[in-house]
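The values are calculated or read from the model by the stated rules, or taken from the named source; none is laboratory data. Being a predicted model, the structure only gives us computed values, none of them experimental. When we count neighbours, we look across all protein chains shown, and the Cβ atoms used for this are built from the backbone with ideal geometry, even at glycine.
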Amino acid sequence: MTIRTNRVSIAGIAASASRLAIIFSLLFGGVAKAGAEEPDKAGPGRMRILFIGNSLTYANDLPLIVQALARARGHDPQVESVTFGAFSFEDHWNNGTALRVLSSQKWDVVVMQHGPSTLPESREETRHWVKKFAPRIEKAGARPALYMVWPSLDRQSYFDAVRETYSLAASDVKGMFIPAGEAFRAAWRKDPDAPLYSSDDFHPSAIGSYTAALSIYGMIYKRDPLKLPARLKLSNGEVINVPPDLAKMLQDAATEANQAFGRR
């Protein structure tokens, strides 16, 4: 299994990482393209998906995993992402790159990801900035989709709080709610040793990103993410290779989470 090196430091939520990410964006433009094509090359009816988030999205090339899963079922989405380490929605708004990409063409779905946001003030901040983004997303012809993440290993009791934050934010803007974090929890109920975290006990391993991608694919395409490949070759040449039995369990877990908590 190949894990792509992070493009920006993934040092948690530290302010210093955010400052570095801003510097990076000013120097290099800050758009992490994931299998994207020029807008005029996207065929009629081809779904356009934009991801806005931080290292929990760009770790292991999550957008490309979603794209590979869709291609395995005969779809060919245009996928692009704007991601910086430790960025919040407020950081994205102030940086401006995500807004420029949003306005650059029409989109169908904008997948939005923040931190766990379990504290009351963090929840209100998340909801506030999702509401700020919503009119821009609607203007681009798209629907917002809130990609629920997960707490760190030492804060497992906060899963319900993470889900509530993302679910409320999705409801505020009549958006899609993608319960990827609940797919993690469902997987751990089936196999407590499933290796979903990387070595820092927060960012996803490649298997964790595969799990999140199953939930995202299932919600966007309105299909249970079952009988999908365990081995995926991404459009950048990287390979995700999950043991077949583990892949089946993760697909069952993502299906269970989507059915129980997802909202389209």
Open item on the list: With the structure loaded, tell me whether residue 69 is within 15 Å of the chain's Cα centre (by Cα) and either crowded, with 24+ Cβ neighbours inside 10 Å or not in a loop (DSSP other than H, G, I, E, B) (or both) or whether it fails that test.
Closed with: yes
Task: Count of segment 143-180 residues which are of a type in the set (Gly, Ala, Ser), surrounded by fewer than 22 Cβ atoms within 10 Å (Cβ to Cβ) and under 16 Å from the mean Cα position of the chain (by Cα) - done: 1
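Could you tell me which of the residues 136, 127 is of a type in the set (D, E, K, R), over 21 Å from residue 181 (Cβ atoms) and touching a Ser or Thr at 6+ places or on another chain (Cβ under 9 Å)? Reasoning before the result, please.
Numbers: 127 fails: over 21 Å from residue 181 (Cβ atoms).
Answer to the selection: 136.
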- [ ] Tell me which residues, restricted to segment 236-264, are without any contact (Cβ under 8 Å) to a residue 60 or more places away in the chain and either part of a helix (DSSP H, G or I) or farther than 21 Å from residue 79 by Cα (or both).
- [x] 243, 244, 245, 246, 247, 248, 251, 255, 259
TODO: Six or more apart or on different chains, Cβ under 6 Å: which pairs go from a residue in segment 144-163 that's touching a residue at least 24 places away in the same chain (Cβ under 8 Å) and under 18 Å from residue 197 (Cα atoms) to one that's of a type in the set (Gly, Ala, Ser) and surrounded by 14 or more Cβ atoms within 10 Å (Cβ to Cβ)? Could you list them?
DONE: 147/180; 148/180; 148/181; 149/181; 150/181; 162/181
Task: From 18, 9, residue being of a type in the set (Gly, Ala, Ser), modelled with pLDDT under 95, more than 27 Å from residue 233 (Cα to Cα) and surrounded by 16 or more Cβ atoms within 10 Å (Cβ to Cβ) - done: 18
Task: All positions within segment 214-235 that are farther than 24 Å from residue 165 by Cα, in contact (Cβ under 8 Å) with a residue 40 or more places away in the chain and of a type in the set (Lys, Arg) - done: 223, 233
Open item on the list: Just to check your reading of the model, which residue among 98, 86 is on the phi > 0 side of the Ramachandran plot and aliphatic (A, V, I, L, M)?
Closed with: 86
- [ ] For segment 84-110, enumerate the residues that are in a helix (DSSP H, G or I) and of a type in the set (Ser, Thr, Tyr).
- [x] 97, 103, 104
Open item on the list: Pull out all pairs, ordered by first then second residue, where Cβ-Cβ is under 9 Å, the residues are six or more apart or on different chains, the first lies in segment 178-200 and is over 25 Å from residue 223 (Cα atoms), and the second is at pLDDT below 95 and not small (Gly, Ala, Ser).
Closed with: 198/3; 198/10; 200/10
Open item on the list: Looking at 99, 64, can you tell me which residue is modelled with pLDDT of 95 or more and closer than 24 Å to residue 222 by Cα?
Closed with: 64
